[in-house]
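Only one structure is covered here, and it is reproduced in the block below.
The values are calculated or read from the model by the stated rules, or taken from the named source; none is laboratory data. Since the model is a prediction, treat every value here as computed from it, not as a measurement. For neighbour counting, all protein chains shown are included, and Cβ atoms are generated from backbone atoms with ideal geometry for every residue, glycine included. We work out accessible area using only protein heavy atoms, side chains counted, and drop any ligands, DNA or RNA first. Shrake-Rupley method; radii C 1.70, N 1.55, O 1.52, S 1.80 Å.
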Amino acid sequence: MSRTKLKQYKVESLKKVSFSKLWKKDKITHITNEELNELIQLMETGKFDKILSLIRKKYLRRNLDIDGIAIILLFKKIMLYFKGISEEGDISLSIDELKKREKQVKTIQAKIITKIIYAMMRVYSKHEEGNIKPFNELSNDIEKNQNVLDPYFRDWVLMSINISLGMISLNNGEHDSAFNYFSETSSISEKHNWKTRQVDVLESTGISYLLQDELELAIVKFQEAIKLAKEIEHTRGILTNENNLIKCFYEKGDYRKALKCARILNNNAQEAKITGLIGLSLFSIIQSLLELDLNNQIQQYLDELEELTATFPQDNITSYSYRYSKALVLKSSNSFADRIKAQSLLTQLLSDTPIAAIDPKIGFHLADLTLKELLSTSNEELLVEFEQTLDLLKEKASQFKSHSMLVVTYLLESKIALIKTNLDEAQQKLDRALKLAREKNLHRMVFKVSKAYDEFLDERDIWESLKIKEAPLKERLEVSRLDKLVDQAIHRKMEEIEEVPEESIYLFILNDSGLTMYSYDFQEEKVIDDQLVGGFLSAINSFCQEMFSTKGYLERVKYQDYTILMEPFGESCICSYVIKGDSYLASKRLIQLIDEIKSSPLYADFEEIKTTGLVTLDYDTMKDMIIEIF
């Protein structure tokens, strides 16, 4: 028998072992702390075959107690998963069984292991019960038993808690928090040279960058993860990061590279017999071929994906890949009947697909189908249908914590408001998009929205004239360039951030009644009254609050060549910056100024002015700060 066949025979034999038989043995033995640490060390350094060998040759020949059986069952299933031999569903089932036995196990180590793996699998599968509560309980367990637990085992549990909390933060779109948890995980894993967990950290960090549209940084992390996973023969780690790389190349618009990588992944996934990844690789191949207009090659892969779906009907990822691929192929057809079928499939996918598999672009593809029909017919009812699709997109974006998706949806809603010549609502949507992008540190989205905002202000007079003359829908659609924005949402070719310096004119800090507490003239040619400006800006914001029933501030206004940027300062003040030119860098500087004032004694001075009206400001320090930033 060849070495490869012998290895496969041993694995298949191990998979068929009935662990229930071990429960009937009389003699009770346990797994020592040293043995448990050895299993952890082997797992975290990628010695998966060694663990499987130990289980087969050592632990299955012993009469294990209930704790020992739970631990061995766990490690056996996890090893098969890492090697790509077992499907996710098998592991979830095993962990559910362990959860039920949690009250039966006696040692604190066995209890903690069943808890940590159960909670982790909920997170990695994005199960609805995946939350921080189990990990808080585990942290309490560690603290209560720190004098009993072996330090090596304790570090492993703490590392597992941190990587899981990082994943939860990532799923919630809290990238800064996720990075902090990943940093803690990395510190512990590097301390013990636990390379399996280092692969997880690299992949998770790459996913965070991908979600923030930082594609080059994401590519670096995924490539590092693949390199390390190959070093320890972590099959699933290799393949999942190959799939992540394909996403990056596709988002960059490098469809040939995406296609090449997808074909490599398909071969590797076929060899590893991981159904879900085979399905995803076929989807990526079809998607890339569509972008490259190589339609004559598509059908063979679609047929292969359909056959795979029929063979594994319970595999949700494969089913999703097939339905999505078919929808995209039908959408690309010139046949009206095919596009109707595509619309039906996309609607079903957007409504039914589990959170773990959903692609935000499904909704944008659906919107694109409606828009194409709208552009060809100028039918007002289709505009309503487009808006309904955006409502569904917002609902899904909130559900998936997809902040980039929500920002783009606000931008699309702003365009719809323009088409309906509701200019104030259009500006309100831009304010929401910009605020959200800033709150979530989506720097490329901030640039994109700032650019859209500048365009809106530049073209406001054009839209006013279209409103006055009651321009037909067709003309309004053309001026809006809505089709360009939808195409950008689908292909996400992010523009390079250009920090074009603005021309600084004035800076004002106003209280809630419009009184100017501070002003600075960059041109040193003061020609306007400070208090007059303060009253004007205060009146604008009062109008905004009354119009939109909101306590927020209007983000910016424009008069001739001048743009006035406004940011909240404290609880009830406004910092206003008058410029000429692009707003992106100017807005960053304004926010930086506010942050630095808040962290300095100057903030107390402004609070004193606001409360008492007495001027106690250190003008020299304030001027130096402005000169340094601007």
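Residue by residue, what Karplus-based ³J(HN,Hα) values in Hz, rounded to whole numbers, does segment 331-342 have, using 6.51, -1.76 and 1.60 with θ = phi - 60° and x for Gly and Pro?
Coupling constants for segment 331-342: 5, 7, 6, 7, 7, 4, 5, 5, 5, 5, 5, 4 Hz.
Checking the a/c ratio against 1.5 first, then a/b against b/c, what shape does the Cα gyration tensor give for segment 182-300?
The shape class here is oblate.
What does a probe at residue 461 reach in segment 562-583, counting residues whose amide N is under 12 Å from the point 7 Å along Cα→Cβ?
It comes to 562, nothing else.
What size of dipole, in debye to the nearest 20, comes out for segment 220-267 about its Cα centre when the only charges are +1 on Lys and Arg C-beta atoms and -1 on Asp and Glu C-beta atoms?
So the magnitude is around 200 debye.
Count charges around residue 159 for me, please; just the other residues with Cβ under 11 Å from its Cβ, Lys/Arg as +1, Asp/Glu as -1. Please report the intermediate quantities before stating the final value.
Values: positive: 154, 191, 197; negative: 44, 155, 184, 190, 200.
Around residue 159, the surrounding residues sum to -2.
Per residue, how much accessible area does segment 190-250 show when a 1.4 Å probe rolls over the protein heavy atoms, in square angstrom?
Spelled out: the 1.4 Å probe surface of segment 190-250, per residue, equals 37 Å².
Tell me the per residue accessible area of segment 370-441 using a 1.4 Å probe; a whole number in Å² is fine.
The answer is 40 Å² per residue.
Please give the length that would be gained between residue 513 and residue 384 if that part of the chain were fully extended, namely 0.36 nm times their separation in residues minus their C-alpha to C-alpha distance (nm, one decimal). Please report the intermediate quantities before stating the final value.
Numbers: separation 129, 0.36 × 129 = 46.44 nm, distance 4.06 nm.
Contour length minus Cα-Cα distance gives 42.4 nm.
For segment 150-243, what size does the Cα cloud have along each of its three principal axes, sorted from largest down, in whole Å?
On the principal axes, segment 150-243 reaches 41, 31, 17 Å in Cα extent.
Count charges around residue 387 for me, please; just the other residues with Cβ under 10 Å from its Cβ, Lys/Arg as +1, Asp/Glu as -1. Spell out each step's value before the answer.
On the way: positive: 420; negative: 385, 391, 413.
Local net charge: -2.
Could you quote the convex hull projected area for segment 324-456, Cα atoms only and averaged over all directions, in nm²?
On the way: hull surface 33.7 nm².
Averaging across all directions leaves 8.4 nm² for the Cα convex hull.
Tell me, what is the FRET efficiency for residue 611 and residue 158 to the nearest 0.05, using R0 = 51 angstrom and their Cβ-Cβ distance as r?
0.65
Would you calculate the separation in nanometres between label points at residue 270 and residue 60, each defined as 7 Å from the Cα along the Cα-to-beta-carbon direction?
Distance between label points: 3.1 nm.
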